[in-house]
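Undergrad: The structure follows.
The values are calculated or read from the model by the stated rules, or taken from the named source; none is laboratory data. All values derive from a computational prediction rather than experimental measurement. Methodologically, a virtual Cβ is constructed for each residue, glycine included, from the backbone with ideal geometry; neighbour enumeration extends over all protein chains shown.
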Number of protein chains: 2
Amino acid sequence: MSPGPPVSESERLARAALSRISEPGYPRMTDAVQELGAARVLESLQTQAVHRELGADLAERLASADPQRDLEQAAARGIRFVVPGDDEWPVTLDDLAHAPHLHERGGVPIGLWCRGPLRLAEAAERAVSVVGSRSATTYGGSVAGEIAGTLARESWTVVSGAAFGIDQAAHRGALAGRGPTVAVLACGADRAYPSAHRSLIDYVADVGLVVSEAAPGCAPTRIRFLARNRLIAALARGTVVVEAAVRSGALNTASWAGGLGRMVMGVPGPVTSAPSAGVHQLIRARDAVLVTSGEEVLEAVGPMGSYALSEPREPEHPRDRLEPRQRQVLDAVPLVQAVDSRKIAETAGIAHSPTKEALLVLLRAGLVEHSLGRWRVAADPALDEQGEGWAP
Amino acid sequence: MSPGPPVSESERLARAALSRISEPGYPRMTDAVQELGAARVLESLQTQAVHRELGADLAERLASADPQRDLEQAAARGIRFVVPGDDEWPVTLDDLAHAPHLHERGGVPIGLWCRGPLRLAEAAERAVSVVGSRSATTYGGSVAGEIAGTLARESWTVVSGAAFGIDQAAHRGALAGRGPTVAVLACGADRAYPSAHRSLIDYVADVGLVVSEAAPGCAPTRIRFLARNRLIAALARGTVVVEAAVRSGALNTASWAGGLGRMVMGVPGPVTSAPSAGVHQLIRARDAVLVTSGEEVLEAVGPMGSYALSEPREPEHPRDRLEPRQRQVLDAVPLVQAVDSRKIAETAGIAHSPTKEALLVLLRAGLVEHSLGRWRVAADPALDEQGEGWAP
């Protein structure tokens, strides 16, 4: 994918070392590596030239780092270290170099530890993130699963965070749809958080991809969740928030997506449901587009026109098949108290004779009732008498 | 209210006659009256000068019209005929002269038949329409009632159509909140449609206002519902659609509101609920603003800043009260497997001694746990360990 020369072994080792000693998304580090390359940053740390810039403790930790061993141990666990310049590196991640920082996290990752058969760049080519509350409702979980299933069946990758609730439903929906799915973790790619999701995460690693910016063995911390959220946003063309309380991690991911110029989408729910309040807030603030289905998600993120939706329509009404004059007469037939055809002709503004002809057609179609020379709308027509079926 | 001279008796009688013989919102009629005044249109009809323009049958019907008797009979039933130029005429209705027609309906009403103690102009001064599906869900009815109640308590008029479902819930919510409410009917103001709502409609007439463009005695027809919808939209500063199927009368009202430059608002619901599909479509098309409460409705339609909402917030988190360094340390404490304070200091990028001080503060606050020299995040803190509580 990348047109450049292959990444040098020394650069890869330097990135592995820096990945081990620094926190994910630590902007001073990601910026320095982006500007100078990892080998030079490492060298500067070793010669203590950039100590003050990067924090006094890093050089110390560096002494105990053994990137060669780290890479070998990772490989033994099926984990590869993917860095910028690799064929597998998704160029879209480089957008992080210019995105605004959030909560003092940001920048292009130094490298990503990946476990699973999917190639990250390919997986990210057509990907949507589906995120939301860990305390999801049955409704939210079901909608997340549906959306992920639709994406999967169209061979779009579902990116999420393997958390309880919406994340889990999203991965499961993608797996059930036999589509690609990527779990981005806040802990090392060899670990499972939450531990109850070990089998889910291992399954994703078997058929999809488990990704982490934190080196193998790392525990999940809040810092790492905040840094992780930016990757979920950056790896996809858009982020769908299914349920999210007012201050939630899913909204943090949505903010990253917005800052990265990705499409932000929100699934509405009952206004009485607290887990939907954050989503409604996003849509109200016009930070997110309202979506109700996987098809609408694809329409929003797919190449222009490729998933254009037909407007949802109710089934055709019998009146749709009427000629204009017949419709005009029908619209003048009273709903309750029957009247004679002359009165209907008056209301319709049509002469008496064609009105009578039209009434006979309507009678045969079961749309009006007739008794003792008087007419009214049929008791239970497949019609909506209050102007429904009429919205433009 | 109106600065002009009082309406002449002949003009009022002419309007009553035209109201009796023509259909509500028949654009040729409303346009002709708007341009020439009712007395001249009536005269033209009588001399057959505008026959071809207005339809051959009108002059015929005119022969049998007796506006003087009509007005007297209406008055005997407590119904007054309000026309442009009257003190009670809401000038906002004149916006209909310039709004695009829908379904061949449009224009400023020739007059409105009103039953009830409210003065129409005053009622329309601060009014919101609350409309929606007749086959509403419990959810929709409850939200419509809540919104109407909030509007009522702020002395805003709730306008609706007295139909089953959302309309009914809106009127009832307004009545329960002891606020003004206006029911705009498609049949005559002396009648009740649906007949099951006779007592509701009579109650609205007792304490609020029942309004119709159709002359007393008129039956409801589809034409009259379509014309009625434009009045519901025009009488209010904004229209809230609570539940609406994809092709529904409520969306027709919303289209009128949009065409009149009124605020259009929609209440979301589960994406799995058909009665919410039309509302979601409105919001997706950016034809409507998403609202979740009466307060948000007031913020949208009220004078700028008068109902400014504070952003909804979750209750404060204990971490909100921490100092920055303490927060930085907390963010570096692992969620699962406890580590020693030196390791936490490394992750936090803070020297060991201040890290230990911060950990003691966090321990006293119940945010971390400590055992055998190792620390982890407290098992059940009032925290959200996945970056929740962190959305910007």
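Undergrad: With the structure loaded, tell me whether B:P392 is within 8 Å of chain A (Cβ to nearest Cβ), surrounded by fewer than 18 Cβ atoms within 10 Å (Cβ to Cβ) and modelled with pLDDT under 85 or whether it fails that test. Show your work before the answer.
TA: Values: within 8 Å of chain A (Cβ to nearest Cβ): yes; surrounded by fewer than 18 Cβ atoms within 10 Å (Cβ to Cβ): yes; modelled with pLDDT under 85: yes.
The answer is yes for B:P392.
Undergrad: Just to be sure I understand, how many residues within the range A:234-249 are in a helix (DSSP H, G or I) and at the interface with chain B (Cβ under 8 Å from one of its Cβ atoms)?
TA: Within the range A:234-249, residues that are in a helix (DSSP H, G or I) and at the interface with chain B (Cβ under 8 Å from one of its Cβ atoms) number 1.
Undergrad: Checking the condition surrounded by fewer than 22 Cβ atoms within 10 Å (Cβ to Cβ) and within 18 Å of B:A59 (Cβ to Cβ), which residue from B:L18, B:L42, B:L13 passes?
TA: Only one candidate passes the filter, namely B:L13.
Undergrad: Still on this model: Surrounded by fewer than 24 Cβ atoms within 10 Å (Cβ to Cβ), assigned by TED's automatic domain parsing to the domain that holds A:P84 and farther than 19 Å from B:Q337 by Cβ: is that true of A:L209 in this structure?
TA: Here the answer is no, as A:L209 does not meet what is asked.
Undergrad: Let me ask something additional. Say we look at the range B:51-73 and pick out the residues that are at the interface with chain A (Cβ under 10 Å from one of its Cβ atoms), buried (at least 17 other Cβ atoms within 10 Å of the Cβ) and out of contact with any Leu (no Cβ under 8 Å at 6 or more places or on another chain); which of these is modelled with the lowest pLDDT?
TA: Only one residue tops the list, namely B:G55.
Residues are listed down the side, and each one gets a yes or a no for (1) surrounded by fewer than 15 Cβ atoms within 10 Å (Cβ to Cβ); (2) assigned to a loop (DSSP other than H, G, I, E, B); (3) at pLDDT 85 or above; (4) charged (D, E, K, R):
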{"residue": "B:T292", "(1), (2), (3), (4)": "no, yes, yes, no"}
{"residue": "B:Y307", "(1), (2), (3), (4)": "no, yes, no, no"}
{"residue": "B:R313", "(1), (2), (3), (4)": "yes, yes, no, yes"}
{"residue": "B:V329", "(1), (2), (3), (4)": "no, no, yes, no"}
{"residue": "B:P334", "(1), (2), (3), (4)": "no, yes, yes, no"}
{"residue": "B:R342", "(1), (2), (3), (4)": "yes, no, yes, yes"}
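Residue by residue, here is whether (1) away from chain B (no Cβ under 14 Å); (2) in a loop (DSSP other than H, G, I, E, B); (3) under 15 Å from the mean Cα position of the chain (by Cα) holds:
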{"position": "A:A121", "(1), (2), (3)": "yes, no, no"}
{"position": "A:S133", "(1), (2), (3)": "no, yes, yes"}
{"position": "A:A144", "(1), (2), (3)": "no, no, yes"}
{"position": "A:L151", "(1), (2), (3)": "yes, no, yes"}
{"position": "A:R178", "(1), (2), (3)": "yes, yes, no"}
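Undergrad: For the range A:148-169, does any single residue satisfy the condition of being within 22 Å of A:A75 (Cα to Cα) and acidic (D, E)?
TA: Looking for residues that are within 22 Å of A:A75 (Cα to Cα) and acidic (D, E), one finds none in the range A:148-169, hence no.
Undergrad: Looking at the range B:268-290 only, could you name the residues that are out of contact with any Ser or Thr (no Cβ under 7 Å at 6 or more places or on another chain) and part of a loop (DSSP other than H, G, I, E, B)? So that I can check it myself, show each step before the final result.
TA: First pass over the range B:268-290, keeping only residues out of contact with any Ser or Thr (no Cβ under 7 Å at 6 or more places or on another chain): B:272, B:274, B:276-277, B:279, B:281-290.
Of everything in the range B:268-290, those that are out of contact with any Ser or Thr (no Cβ under 7 Å at 6 or more places or on another chain) and part of a loop (DSSP other than H, G, I, E, B) turn out to be B:T272, B:A285, B:R286, B:D287, B:A288.
Undergrad: Something else now. Has the range A:222-233 got at least one residue that is closer than 22 Å to A:A127 by Cα, at the interface with chain B (Cβ under 7 Å from one of its Cβ atoms), part of a helix (DSSP H, G or I) and in contact with a strand residue (DSSP E or B) (Cβ under 6 Å, 6 or more places away or on another chain)?
TA: Yes, some residue in the range A:222-233 is closer than 22 Å to A:A127 by Cα, at the interface with chain B (Cβ under 7 Å from one of its Cβ atoms), part of a helix (DSSP H, G or I) and in contact with a strand residue (DSSP E or B) (Cβ under 6 Å, 6 or more places away or on another chain).
Undergrad: Another question, if that's okay. Would you confirm whether or not the range A:182-194 contains a residue that is part of a helix (DSSP H, G or I) and either of a type in the set (S, T, N, Q) or surrounded by fewer than 23 Cβ atoms within 10 Å (Cβ to Cβ) (or both)?
TA: The first filter runs over the range A:182-194 and keeps only residues part of a helix (DSSP H, G or I), leaving none.
Checked the range A:182-194: no residue is part of a helix (DSSP H, G or I) and either of a type in the set (S, T, N, Q) or surrounded by fewer than 23 Cβ atoms within 10 Å (Cβ to Cβ) (or both).
Undergrad: Out of the residues in the range A:82-103 that are under 17 Å from A:V33 (Cα atoms) and assigned to a helix (DSSP H, G or I), which is nearest to the other protein chains (Cβ to nearest Cβ)?
TA: A:L96
Undergrad: B:M263 fails exactly one of the following numbered conditions: (1) of a type in the set (A, V, I, L, M, F, W, C); (2) surrounded by fewer than 24 Cβ atoms within 10 Å (Cβ to Cβ); (3) within 7 Å of chain A (Cβ to nearest Cβ). What is the number of that condition?
TA: Answer for B:M263: the failing condition is (3).
Undergrad: Take the residues of the range B:266-290 that are of a type outside the set (A, V, I, L, M) and surrounded by 24 or more Cβ atoms within 10 Å (Cβ to Cβ): which is nearest to the other protein chains (Cβ to nearest Cβ)?
TA: B:P268
Undergrad: Are any of the residues in the range A:346-366 touching a residue at least 24 places away in the same chain (Cβ under 8 Å), polar (S, T, N, Q) and buried (at least 20 other Cβ atoms within 10 Å of the Cβ)?
TA: The answer is yes; a qualifying residue exists.
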